[in-house]
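**Student:** Take this structure, written in structure tokens, and hold onto it; I'll ask about it next.
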Amino acid sequence: MLQRMLSRISPIVWLALFVMGTVFYVWRLQQPQALVEVAPEALPLQCVSYAPYYKPGMNPTIKDSFVDPLQIEQDLQALSKVTRCVRTYSVGQGLDYVPKAAQKLGMKVILGVWIGWVDALNQSELQLAVQQANQYPDTVRGLVVGNEVLLRGEQSEPKLRGYLQWAKANTKAPVTYADVWEYWIKHPTLEQDVDFVTVHILPYWEDKPVAIEQAVAHTASVMGYVGTVFKKPILIGETGWPSQGRQRFWSKPSALNQARYMREFLQAAHVNHWQYNVIEAVDQPWKRELEGTVGGYWGVLDVDLQPKFPLQGAMAERADGLKPYLLALGLALVAAGWGRYQRYAASHIITLALTGMLLGLHGYLQLEYVRQAARHAGELAMLGGLAVLGWGLLILQLRQWLGLAAKACVEQSLLQLLAVALLITSAGLAINGRYLNFPLILVSLPLGAMVITLLMGRLSSGAQSAMRQTSVWWMAVLLVMAANMSVAAAMLEPGNFIAWYWTAICGLALFVLPARSLQLA
């Protein structure tokens, strides 16, 4: 009886509710939220990590990469508006020019020496860095010999100690080593070979990630602890929060959370007199290949060298203004105009307009997601294909809403493709999901559209015989496996509500896709 009652409701009503829900979601993210105000005396930023590899095609892992000195000068000119100091990680690939460029602007440099597997390359880096430190003694405020070398396991502690001792013997610049705070605790005797201890405190990347609400308190707790272990001055060599990417346990990357962490951290640093360096100056798209989406979005500036968040006043998660609504309105007008050209009834024209609006809103969010999440051509093809698959399923539902003949064979094939995509995604998240995103936005549109179609109609009289078809059972098996994998992924991160949303999506698909397949039969 309930199904009979629901089937009498026009698809216009369901579509309108779907559109309203999407509009509310986007609107809610655009509403400014009050955040901690940073006191003027806590500014500018003490120091930020600088890497110039933010332009298309730039990647420090590419052999023979070289950074134009003019770009370094332009970058530091932009950074001089937010800080008076930059930290580098290498003097190779043209970065030995940074001290000279910084000197022109009256900026300071914490000069990095990249220590890796090959001793000859390490010695070459070290000699060039010492030369620069000696040449610009008023600019180079410290020499960081190695960054997270012990964490990566590329050198032993005795070998690293030898590099540090050589640097101290050949320069008057203060010498340090940088690593995550846990590895400093594991190697406390390194303190005797440095002038100050440089620890990395990144609440997002902790073994037990911290929610944004407790992030700065966690940083303060770590600083209190390492302060009891080491006697020499402590520099927070890296701290920050990503603005985009995958949630880890309770740690959620977002533009708003990045601004919140930075504001609260700057206030705490001012009150507690911490010395710090923020990671990082500019977003680094190339890091997405190594760390997933999140790796590319730690910058305080975007790739256009524009600030990503203010340090005073309210801020919203999204700042795209009317663009999503204008796109939705444009597609709605095009769809309605086409319906009018075809001399459809008024109800069908409204259905077309609402569908166009829905496609515009979701398409806007989906294209943004694909741009952020796709790390290479293969992922671009897969994620873009999943988005197009959803658009195709939406159009096929639209045919039924308009009373047109169903394209049963085409839709059955697309349903099976969607089931395969859900399984592959869930398997990837469960097996090795550290750097993979949850593509909720890519599958919510087709699933929502199919729910509307199921609410409109009843199963055919041949549904019982259709249940014996191999394709229906094959799809059901795929979706059961996808649902199980999604539960496994969520259980690995019980505090990750996004992971549980994905589990709910897979559970919904387990009912919706086979039901739609039977309906088509």
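Only the coordinates and a few stated rules stand behind these numbers; no lab work does. Because the structure is predicted, anything quoted here is derived from the model rather than measured. Ideal geometry is used to build each Cβ from the backbone, glycine not excepted, and the neighbour counts take in all protein chains shown.
**Student:** Using Stokes-Einstein with the Kirkwood hydrodynamic radius over Cα pairs, what translational diffusion coefficient do you get for the chain at 25 °C and a viscosity of 0.890 mPa s, in µm²/s rounded to a whole number? Provide the component values of the computation, followed by the final result.
**Tutor:** Details: Rh = 25.8 Å.
The calculation lands on 95 µm²/s.
**Student:** Calculate how steeply helix 255-272 sits against the longest principal axis of the alpha-carbon atoms of the chain, using the helix alpha-carbon long axis, and give the answer as 0 to 90 degrees to the nearest 10.
**Tutor:** So the helix axis and the longest Cα principal axis differ by about 30 degrees.
**Student:** Using Cα atoms only, what is the angle between the long axis of helix 377-401 and the major principal axis of the chain, expressed in degrees (0 to 90) to the nearest 10?
**Tutor:** So the helix axis and the longest Cα principal axis differ by about 20 degrees.
**Student:** So what is the relative contact order for the chain, in percent, with contacts set as C-alpha pairs under 8 Å and at least six apart?
**Tutor:** 15 percent
**Student:** If you don't mind, another one. Given H placed on each backbone N at 1.01 Å, which residues far from Gly116 in sequence or on other chains put an amide H within less than 5 Å of it?
**Tutor:** Asn122
**Student:** State the answer as a single residue: which of Thr189, Ile505, Tyr435 lies farthest towards the positive end of the charge dipole of the chain, with beta carbon charges of +1 for Lys and Arg and -1 for Asp and Glu, about the Cα centre.
**Tutor:** Farthest towards the positive end: Ile505.
**Student:** How big is the stretch 335-487 on each of its three principal axes, counting only the C-alpha atoms and giving the largest first in Å?
**Tutor:** Here the Cα extents, ordered largest to smallest, are 52, 41, 22 Å.
**Student:** Looking only at the stretch 120-160, which residues have a backbone nitrogen under 16 Å from a spot 7 Å from the Cα of Ser80 in the C-beta direction?
**Tutor:** Within reach of a label on Ser80: 139-140.
**Student:** Using a 7 Å offset from the Cα along the Cα-to-Cβ direction at both Asn59 and Lys231, what is the distance between the two label points in nm, to one decimal?
**Tutor:** The modelled label-to-label distance comes out at 4.7 nm.
**Student:** Please rank Glu213, Glu280, Glu73, fewest neighbouring Cβ atoms within 10 Å first, as an exposure proxy.
**Tutor:** Numbers: Glu213 11, Glu280 22, Glu73 16.
Sorted ascending by nearby Cβ count, the order is Glu213, Glu73, Glu280.
**Student:** At a 10 Å Cβ-Cβ cut-off, how would you order Thr171, Thr503, fewest neighbours first?
**Tutor:** Thr171, Thr503
**Student:** At a temperature of 20 °C and a viscosity of 1.002 mPa s, determine how fast the stretch 119-242 diffuses translationally according to Stokes-Einstein, using the Kirkwood radius over alpha-carbon pairs as Rh; express D in µm²/s, rounded to the nearest whole number.
**Tutor:** Diffusion coefficient, whole number: 140 µm²/s.
**Student:** Related question: Taking N as the number of residues in the stretch 270-354, what is its Cα Rg relative to 2.2 N^0.38 Å?
**Tutor:** Details: Rg = 22.5 Å, N = 85, 2.2 N^0.38 = 11.9 Å.
Its radius of gyration relative to the 2.2 N^0.38 Å reference: 1.89.
**Student:** List the cysteines in the chain whose Cβ has no other cysteine Cβ under 4.7 Å from it.
**Tutor:** Result for the chain is Cys409, Cys506, no neighbouring Cys Cβ within the cutoff.
**Student:** Hey, how many Å between the Cα centroid of the stretch 72-117 and the Cα centroid of the stretch 322-353?
**Tutor:** Spelled out, the Cα-based centre of one part sits 53 Å from the other.
**Student:** Could you work out how far helix 69-79 tilts from the main Cα principal axis of the chain, as a 0 to 90 degree angle to the nearest 10?
**Tutor:** 80 degrees
**Student:** Grab the other residues whose beta carbon is less than 13 angstrom from that of Trp205, score K and R as +1, D and E as -1, and report the net. Working shown, then result.
**Tutor:** On the way: positive: Lys208, Arg246, Arg248, Lys287, Arg434; negative: Glu148, Asp179, Glu182, Glu206, Asp207, Glu238, Glu291.
Local charge sum for Trp205: -2.
**Student:** Take the Cα pairs of the stretch 35-296, get the Kirkwood Rh, then feed it into Stokes-Einstein at 20 °C and 1.002 mPa s and tell me D in µm²/s. Can you show the working numbers first?
**Tutor:** Numbers: Rh = 18.7 Å.
Here the translational diffusion coefficient equals 114 µm²/s.
**Student:** Debye calculation, C-alpha points only, no solvent: report log10 I(q)/I(0) for the stretch 1-75 at q = 0.14, 0.16, 0.22, 0.24 Å⁻¹, in the same order as the q values.
**Tutor:** Reported log10 I(q)/I(0), two decimals: -0.80, -0.87, -1.01, -1.08.
**Student:** Turning to a different aspect of this structure: Just the projected area, averaged over all directions, of the convex hull on the alpha carbon atoms of the stretch 208-307: how many nm²?
**Tutor:** For the Cα atoms of the stretch 208-307, the hull's average projected area reads 6.8 nm².
**Student:** Any idea which of Gly313, Ile12, Thr139 is furthest toward the positive side of the dipole for the chain, if Lys and Arg beta-carbons carry +1 and Asp and Glu beta-carbons -1?
**Tutor:** Ile12
**Student:** Could you list Arg161, Arg152 so that the one with the fewest beta carbons within 10 Å of its beta carbon is first and the one with the most is last?
**Tutor:** On the way: Arg161 18, Arg152 14.
Least to most surrounded, the residues fall as Arg152, Arg161.
**Student:** Same structure again: Given the pairs Lys55/Lys159; Lys81/Lys287; Lys104/Lys231; Lys100/Lys287; Lys63/Lys323, which span a C-alpha to C-alpha distance of over 31 angstrom in this model?
**Tutor:** The answer is Lys55/Lys159; Lys104/Lys231; Lys63/Lys323.
**Student:** Note down the net charge around Cys47, summing +1 for each Lys or Arg and -1 for each Asp or Glu among other residues with Cβ under 9 Å from its Cβ.
**Tutor:** Details: positive: Arg84, Arg87, Lys108, Arg141; negative: none.
Surrounding charge for Cys47 is +4.
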